[in-house]
Amino acid sequence: MKKTSMVQNVLSFFQRIENSIWGEQIVSNKYFASLSIILVALIGALVTGGKILNSNPDLDIEVSLYSAITTVLVIAVLNIYESIIAAENAKIAILRSLLVFGMIVVAFFVGVLTSVVLAIIIAIAVAIIALIVMVKLALGALTGEPRQKAELRSNDIIDFMTGNDKKEGELSSDGLTFYEKGGKTWKRESTSSNDWYED
């Protein structure tokens, strides 16, 4: 017996459903209905999710609701046509048409709702990041000026020869104050000046 891959199983899920209901009374394409349902879910996701992705200037994949509904209806009609020609009798054709149409409608709304959930998750993530940045800025304002790691180097040749030519510490955001690791504070008149004075 030939083994089927996971992809083949996913792409033929609808045929397994209809076979479990009607058995050999319907002979349809193995993948068409399943691919249609997956495609409709993707279209539904792009209707609302496209707006999120459009925030990137390189992307232009927003789908209008009118175009989406038109495409979904065309896909549904093609699947209903397949139901009519693949079924053994009119009753099975009608029932299979209703089943595939119902699943297409559900898939569209699942796609739309999934993209809304994605939008909510993105909005929450952005809000958390903004909150963290605001807290860090507030803490920086309370503890003094924000600082960055830096090294203060001496121009003195004696300091260089003795290995004492650099001091590790933090530089203030304006670049005028250096906070040495040992606790000393050094200041200068302008950022272009190399003349540091102990405060």
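Quick note: the coordinates plus some simple rules give every number you see, no bench work behind them. Here the structure is a predicted model, which means the values were calculated and not measured. Note that we place each Cβ from the backbone using ideal geometry, even for glycine, and neighbour counts take in every protein chain shown.
General observations
- The length gained by stretching the chain between Val106 and Ile17 to full extension, at 0.36 nm per residue less their Cα-Cα distance, is 30.5 nm.
- Potential lengthening of the chain between Ile84 and Ser173 amounts to 24.7 nm, from the contour at 0.36 nm per residue minus the alpha-carbon distance.
- Gain on full extension, evaluated as 0.36 nm per residue between Lys184 and Asn29 minus their Cα-Cα distance, stands at 47.8 nm.
- In this structure, Leu39 and Ala130 have a Cβ-Cβ separation that, at R0 = 45 Å, corresponds to a calculated FRET efficiency of about 0.80.
- Leu98-Asn9 FRET efficiency (beta carbon distance; Förster radius 30 Å; 0.05 resolution): 0.75
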